[in-house]
Amino acid sequence: LNYRKRHDLLPGLVEFLRMHELDERLVTKALGARDFARRETFPSAKKSSLEKDFGSALREIFNVGGEGARDVNFLEYKSEIIKVESVFADVLEEFNTKVEHHNVRRSLWWMRPVCAVVRYGAVERYEM
């Protein structure tokens, strides 16, 4: 959900960048990274990698200098995206804690036979 919100904020940011005639390469890179990240729907290492690429494209946009970087709309988009990423980081930490708990439980000696029968495997941590 938080990824989707971050993805949905990009069109407004792109419109702002085009209005101020900032580097079109940044716009293309961010849109491409967002599209690739949206296609991968299930949490996985690939999704994590794609979201990292999208995040780095956003950081490049935020590091753009000039008049545009002081614009109120730009600062609002930046603030909103940073807030969404902060909330997601908290949710991600909770998820990873639960994954670690799950993996410890399934590795207990008395759970191994049950896990083997029902194919109850280990879960990978999700990194942002």
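Observations, loosely collected:
- Carbon/sulfur fraction of accessible area - the chain, other protein chains in place, 1.4 Å, %: 56
- Per-residue ellipticity at 222 nm, computed for the chain from helices alone with -39500 (n - 2.57) per DSSP H run of at least four residues, works out to -24500 deg cm²/dmol.
- Those trypsin sites (Lys or Arg not before Pro) in segment 57-128 that DSSP places in a loop and that have at most 10 other beta carbons within 10 Å: Arg119
- Per DSSP, loop chymotrypsin sites (Phe, Trp or Tyr not before Pro) in segment 27-128 with at most 14 further Cβ within 10 Å: Trp109, Trp110, Tyr120
- Fluctuation leader among Val91, Val118, Val64 - the chain, Gaussian network, Cα springs under 10 angstrom: Val118
- Degrees between helix 2-19 axis and first principal axis of the chain (Cα, 0 to 90, nearest 10): 20
- Lys-Lys pairs in the chain that are eight or more residues apart or on separate chains and whose Cα atoms lie under 21 Å of each other come to 15.
- For the chain, alpha-carbon Rg relative to the globular expectation (2.2 N^0.38 Å, N residues): 1.37
- C-alpha long axis of helix 45-62 to longest principal axis of the chain, angle in °: 20
- Whether segment 30-75 is rounded, prolate or oblate, judged on the alpha carbon gyration tensor where a/c under 1.5 counts as rounded: prolate
The values are calculated or read from the model by the stated rules, or taken from the named source; none is laboratory data. Everything numeric here is computed off the predicted structure, so don't read it as measured data. For neighbour counting, all protein chains shown are included, and Cβ atoms are generated from backbone atoms with ideal geometry for every residue, glycine included. Accessible surface is based on the protein model in full, side chains and every heavy atom, while ligands, DNA and RNA are left aside. Shrake-Rupley method; radii C 1.70, N 1.55, O 1.52, S 1.80 Å.
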